[in-house]
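Okay, structure first, notes after.
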Amino acid sequence: MSINFMVDELATVERLLPGLDQRLREVPVAELESDKSPGLGIFREFGGPALMVPKELGGLDATLVDALHVQRVLGARSPSLSLAANMHLCTVIAMPPCPATEELLGAVAKDNLYLASGFGEGKPAASILEPLMKGERHGDGWRLNGTKKPCSLSKSMDYLTASVMLTFPDTGATEMALAIIPADTEGIEVRPLGDSPVLLGSETCEVVLADVDVPDDYISSLGDPQSLNAALATVFHVFELLVSASYVGAASGLVEAVLRQRRGTAAERMELVGDLETTMASLEAVARAATPGGDDPLGVARALYVRYSAQRTVERVAAHATELLGGTAYMISGLSTTFFTSARALAFHPPARSAMAEPLDRFISGEPLVMP
Ligand SMILES: Cc1cc2nc3c(=O)[nH]c(=O)nc-3n(C[C@H](O)[C@H](O)[C@H](O)COP(=O)(O)OP(=O)(O)OC[C@H]3O[C@@H](n4cnc5c(N)ncnc54)[C@H](O)[C@@H]3O)c2cc1C
């Protein structure tokens with residue numbers, strides 16, 4: 001049955017990654033959402049890692065709106081794949097320049113490599129802008145120690161990009177930086193994270209670094225977190241939009257099932273679709289309004305407003321669609337169980353809504369935007 005749902009998004013995927021959607025549809029959801037998911041392998045096979053790499057470096061040169069479309073479709077097929085792909089795509093877009101950046105992005109496009117993103121460190125209420133992972137000067141480079149968790153893509157990653165706090169030996173001054181580390185570097189260990197059966201296909205684990213040596217060329221400054229500088233503005237701008245689209249995708253997977261099975265009333269179906277379309281339109285509007293890369297606090301604030309609004313919509317729509325799909329689907333088929341639980345995780349991506357309330361309130365009152 002042909003339905004008018006996610007029409008533009010599916011067209012974008014077909015234009016940029018032809019055949020991907022059909023291929024993903026052929027894999028049972030339970031498989032895509034398992035810890036042995038073929039999802040990331042399939043996305044790689046269709047050239048997904050090159051999506052946001054600029055054309056001059058051999059990539060597909062997709063726009064931010066294209067990426068929102070792709071993330072929504074991925075989320076509708078597999079929330080796990082969408083989340084893991086999101087970490088890679090955001091890293092590609094927001095990678096601050098360092099001598100190795102162009103070469104790395106060229107290799108990402110040519111060989112379809114994956115970049116994992118390690119910012120979170122598993123400490124409750126800790127700022128992701130104050131990494132505990134330490135870098136000490138060692139020879140011509142830096143020696144890193146610490147742990148990143150939860151860290152998605154941890155089994156398929158070709159490179160780990162990790163936030164680190166460098167200490168300069170001459171002055172004792174510290175600086176936050178991003179380190180780019182080949183995944184097979186000695187001293188990197190991937191450990192299971194826990195027993196939570198959520199988003200298993202995203203390969204979200206703990207990545208431990210013990211005396212990992214990184215040359216200078218693979219380190220780039222993330223600047224002073226007290227001011228929302230251009231590097232951090234880009235990171236948050238693209239992350240908030242793309243992570244929202246990923247979970248709009250998870251809710252869309254549930255709504256698609258409601259539409260195909262003609263569940264609920266006409267009014268209920270219209271409301272579910274309308275709520276998701278409204279959210280997608282707001283994400284696209286913010287994506288179109290500004291080019292990430294500038295020092296644009298208003299753009300970041302807008303991305304946060306639409307992300308928190310998306311969070312509420314996804315929560316409501318996923319719960320309603322799950323109810324309409326019924327108890328049998330919930331207890332036996334597993335689709336609504338996995339998608340509903342996965343959709344809730346949008347709340348857990350930084351910055352948490354409550355953590356961001358005071359900083360956004362101060363920004364609205366005319367003060368600079370400072371991320372918590
Ligand atoms: C599925 C999944 C995949 C992930 N993958 C990655 C990844 O690949 N890379 C990565 O870097 N990270 C990843 N993360 C981790 C993420 O970036 C966060 O670091 C992590 O989820 C934060 O955990 P937490 O909710 O316990 O945070 P906490 O900061 O402990 O927040 C818990 C709650 O406390 C409250 N709170 C916290 N701080 C404040 C404050 N200042 N003021 C008021 N209230 C506050 C909020 O209500 C918040 O929801 C992933 C997370 C999930 C769920």
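Laid out as a table, the results:
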item	result
Solvent-free Debye scattering, log10 I(q)/I(0), computed from the Cα coordinates of the range 230-364 at q = 0.21 Å⁻¹	-1.13
Taking the chain and dividing mean pair separation by its residue count, relative contact order in percent (alpha carbons under 8 Å, at least six apart)	17 percent
Cα gyration tensor category, rounded, prolate or oblate, for the range 260-305 with a/c compared to 1.5	prolate
Surface accessible to a 1.4 Å probe, per residue, for the residues of the range 16-58, Å²	46 Å²
Per residue value of the accessible surface for the range 318-372 (all protein chains in place, 1.4 Å probe), Å²	52 Å²
At 1.567 mPa s and 4 °C, Stokes diffusion of the chain via Kirkwood alpha-carbon radius, µm² per second	62 µm²/s
Derived scalar couplings ³J(HN,Hα) [the range 315-326; Karplus, 6.51 cos²θ - 1.76 cosθ + 1.60; whole Hz; x for Gly, Pro]	4, 5, 5, 5, 5, 5, 5, 4, 4, 5, 6, x
Of all accessible heavy-atom area on the range 7-114, the percent that carbon and sulfur account for (1.4 Å)	54 percent
DSSP bridge pairs, the chain: antiparallel proportion in percent, nearest 5	75 percent
With DNA, RNA and ligands ignored, accessible area of residue 305 (1.4 Å probe; Å², nearest 10)	90 Å²
Hz values of 3J(HN,Hα) by residue in the range 169-181 - Karplus curve (6.51, -1.76, 1.60), Gly and Pro given as x	x, 6, 10, x, 5, 10, 8, 7, 9, 10, 9, 10, 10
Euclidean distance of C-alpha centroids, the range 27-92 and the range 305-326, integer Å	22 Å
Cα-based Lys pair tally, the chain, threshold under 28 Å, eight or more apart or on separate chains	16
Folded to 0 to 90 degrees: helix 7-16 orientation relative to the chain principal axis, Cα	50 degrees
Dipole magnitude of the chain, debye to nearest 20 (Cβ charges: Lys/Arg +1, Asp/Glu -1, about Cα centre)	1240 debye
Two-site FRET efficiency, residue 268 against residue 25, from Cβ-Cβ distance with R₀ of 25 Å, rounded to 0.05	0.50
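The values are calculated or read from the model by the stated rules, or taken from the named source; none is laboratory data. Only a predicted model underlies this, so the values are computations on that prediction, with no experimental measurement involved. Quick reminder, even Gly has a Cβ in these numbers, built from the backbone with ideal geometry, and neighbours come from all protein chains shown. Areas reflect the complete protein model, heavy atoms only, side chains present, ligands, DNA and RNA absent. Shrake-Rupley method; radii C 1.70, N 1.55, O 1.52, S 1.80 Å.
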